[in-house]
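Everything on this sheet refers to the single structure shown next.
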Amino acid sequence: MTAVSAQYLKRMWSFARALDLALVDEEVERGFRFAIGQRHGERVAYIALYLGKMMGLARGDLLNLTVAGLLHDLGAIAEFRQCHGDPERMWEHSLVGAAMVASFPAGEVLAPAIRYHHEAPDRDYSVMKVDPEAVPLLARILSLADRLDIMMERHVQNYRERETLGRWVTENSGRLVFPEVAAAFARVATREAFWLNLEQPDLPNIVLEQLEAQEITLSGGELDQGFTDLLAEMFAGLVDQKSKFTARHSYVVAETVQELAAALGWDKEKQREIYLAGLLHDLGKLAVPNKILDKAGKLDAAELEIIRTHTYYTHRLLTEAVFPRDLVEWAAFHHERLDGRGYPFGVASTELTLGSRLMTIADIFAALTEERPYRQALSAGEALEILAQGAGTSVDAELLQVARQALG
């Protein structure tokens, strides 16, 4: 058992927001046949936590329930492209998500909670038709929390809407809703604060207060750098899978920037940190619709404006996930320029650290040597020649010489 700080939940919350940015993509919504709604993972986690507290769960179980709520749709992004949005296959996201969290701290608890979160007490209404007795309590709670959030409008529910939801839960107890969870919701629904909290921008802090996170213990090993590496690799894979033209882009950038850092004599720990930054540098691309990422022709002004937001979201998500400032900037400043004309922050050259400058070179090099919808992949030599055209303005001239030696 090891003490879990608020940092763990904040990190999970940030990555849940990244998932939400991807899930509101109109193509994914068509695959699901309904609009999932913004902040879905956050709201499901909050609703589940409230239900769990009402049912008397221990604080460690409440933390696991909250994390499972945040990540319950993790598999939806991982396998959406493979299934091409086929609504008949989208149930597979429960199995994929469960497999992905199995190696997390307390994965033996998180995995079944996510695997069975679409099950019901009546098998006719279950996705995998498992014996209702085999559905763990956390999954039973998630099942209702998920259904409720999908049914809710994105505003504070008025009394009539609350009554409608309560009536639906009561009428479906024993069929779509497990009876003990339905009974807990009947008690939760009488609390005004439960409804008002849902629309607050500081919902993560509200959840932390409810959990008393500093005092919670979590089984399953320490939250060490191995877990951070696992999380980074997992989300790098999700980002790269979002577009058919970026199959390994995040990994290539990470490997390239680490190679450049090694050439400069960085120590192993710093190399690891900039490798993580490379894995996560495009995390904000989860917010960019696939129709823009995969567009074969030139992007128009409106599309360019959208795609240019991805580094802003990378910065926000990694900051909220409590990553070190240097790592955040290495990841998020890869479209900044020495002449101050980069985006989205337009920082001056004096604000661009060595790591950020390395990341810019690594990202451009990787992009040029990968196939894109509008051109074939270039050779390493051709990519370096194009990079040289921006020496002193978009990229660091001295570091470009290092890149020629390391990558040429």
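Read-outs throughout are calculated quantities, based only on the coordinates presented, and are distinct from any laboratory measurement. Keep in mind the model is a prediction, meaning the values are calculated, not measured. Here Cβ is always computed from backbone atoms with ideal geometry, including for glycine, and neighbour counts include all displayed protein chains.
Please express the Cα-Cα pair-distance distribution P(r) of the chain as a list of whole percents, one per 10 Å bin, running from 0 to the bin with the greatest distance.
It works out to 5, 22, 30, 23, 14, 6, 2, 0, in whole percents.
Treating the beta-carbon of each Lys and Arg as +1 and of each Asp and Glu as -1, no other charges, what is the dipole magnitude of the range 225-407 about its Cα centre, to the nearest 20 debye?
Numbers: 19 positive and 26 negative charges, 87 e Å.
The calculated dipole for the range 225-407 is roughly 420 debye.
Would you list, by chain and number, the lysines whose Cα falls below 23 Å from the Cα of Lys295, excluding same-chain residues fewer than 8 positions away?
Lys242, Lys244, Lys285
Provide the gained length on full extension for the span Glu171 to Lys244, in nm with one decimal, where the gain is 0.36 nm per separating residue minus the Cα-Cα distance.
21.9 nm
Among Tyr343, Tyr125, Tyr50, which comes first, second and so on when ranked by fewest other beta-carbon atoms within 10 Å?
Tyr125, Tyr343, Tyr50
Under 5 Å between amide H atoms, partner at least 5 residues away or on a different chain: which partners does Arg372 have, H built in plane at 1.01 Å?
Ala377
Apply the Karplus parameterisation 6.51 cos²θ - 1.76 cosθ + 1.60, with θ equal to phi minus 60°, to every residue of the range 279-284 and state each ³J(HN,Hα) to the nearest whole Hz, in sequence, with x for glycine and proline.
Ordered by residue, 3J(HN,Hα) equals 4, 9, 5, 9, 3, x Hz.
Sort Met151, Met234, Met100, Met359 so the one with the fewest other Cβ atoms within 10 Å of its own Cβ comes first.
By the 10 Å Cβ count, ascending, the order reads Met151, Met234, Met100, Met359.
Taking the Cα centre of the chain as origin, sum charge times position over the Cβ atoms of Lys and Arg (+1) and Asp and Glu (-1), and report the length of that vector in debye to the nearest 20.
For this selection, approximately 540 debye.
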